[in-house]
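Presented below is the structure to which this report refers.
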Amino acid sequence: MADLLLYAKSHGVKVITFTGREDSPIARLSDAVVLAAFDEEGSLFNGPPMVSITAASMFSDALVNVVIEQTQFNEAGLARYHPAGQLGRNLLLKVKDVMLKVEDLPLFDQSSTLRHVMLELTASSVGVALFVGSAGKLEGILTDGDIRRILGEADFAMMDDPAYPLINTSSVTVLQDATVGEVLTLMENRERPLNLVVVLDSQFTVRGLVRVHDALK
């Protein structure tokens, strides 16, 4: 820890230490010391630090909030200093950076039979069929779950009928320039969370598909 503090100070970083020992090596290297010594830790045999860890956590959280307010730290700064974590991904990456591209998806039209859709979905493992018009606009979707429910309620003779009348025409979509954080919010903040969302461009042409685990990688 002392080596880390020396490195930080060599780069102009100010160090604040929360400790129970004012004469500790770390305290001597710090620019400011918050002294908090506790006679009782509240743990078995008064051994493992419980009270002191709780106090340090509360103090550090309060200090962070004060610094955020004083420096007007914002989401752009958070993304800059935490680019590799999920917080950074949510702010920096766009949906188009993590989505499955349209050329890698099973696309269907009004003539596609239910049998053909099932075979293509099984081969692709994507789990959803996109029905797209001649101009590349989304007309609807049909998930593998939809197909299972349909076959559970209908005659297998319909396997060679067009699947188009069965599609969901009110599927949720997102623009490709939305952030990963925005699409995760779109997926999660609803009565039934979504596992995937169709991606469109500014002209509302299908560009791909984003799954929740693509966004969370």
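Quick note: the coordinates plus some simple rules give every number you see, no bench work behind them. In this text, all values refer to a predicted model and were calculated from it rather than measured experimentally. Counting neighbours? That spans all protein chains shown, and the Cβs are built from the backbone with ideal geometry, glycine included.
Here are the numbers:
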{"quantity": "Two-site FRET efficiency, residue 213 against residue 23, from Cβ-Cβ distance with R₀ of 45 Å, rounded to 0.05", "calculated": "0.35"}
{"quantity": "Along each principal axis, Cα extent of the chain, largest first, Å", "calculated": "83, 42, 28"}
{"quantity": "Spatially proximal lysines relative to residue 96 (Cα-Cα < 23 Å; intrachain offsets below 8 disregarded)", "calculated": "137, 217"}
{"quantity": "Separation of the residue 144 and residue 68 label points, Cα + 7 Å toward Cβ, nm", "calculated": "4.0 nm"}
{"quantity": "Debye, to nearest 20: dipole size of the stretch 2-92, +1 on Lys, Arg Cβ, -1 on Asp, Glu Cβ", "calculated": "460 debye"}
{"quantity": "Cα-centre dipole for the chain with unit charges at Cβ (Lys and Arg positive, Asp and Glu negative), debye to 20", "calculated": "460 debye"}
{"quantity": "Positive-end residue, the chain charge dipole about Cα centroid, Cβ charges, pick of 2, 92, 209", "calculated": "2"}
{"quantity": "Geometric extent, Cα atoms of the stretch 1-53 - Rg, Dmax (angstrom)", "calculated": "13.3, 41"}
{"quantity": "Value of Rg/Rh across the stretch 2-92 [Cα atoms, Kirkwood radius]", "calculated": "1.06"}
{"quantity": "Farthest positive-ward along the chain dipole, Cα basis, beta-carbon charges - from 64, 52, 122", "calculated": "64"}
{"quantity": "Candidate aspartates and glutamates - alpha carbon under 18 Å from residue 94, same-chain residues fewer than 8 apart omitted", "calculated": "75, 177, 182, 188, 201, 214"}
{"quantity": "Under Karplus coefficients 6.51, -1.76 and 1.60, residue-wise ³J(HN,Hα) of the stretch 144-149 in Hz, glycine/proline x", "calculated": "5, x, 4, 5, 4, 5"}
{"quantity": "Radius of gyration and Dmax over the Cα atoms of the stretch 95-215, both given in Å", "calculated": "14.3, 44"}
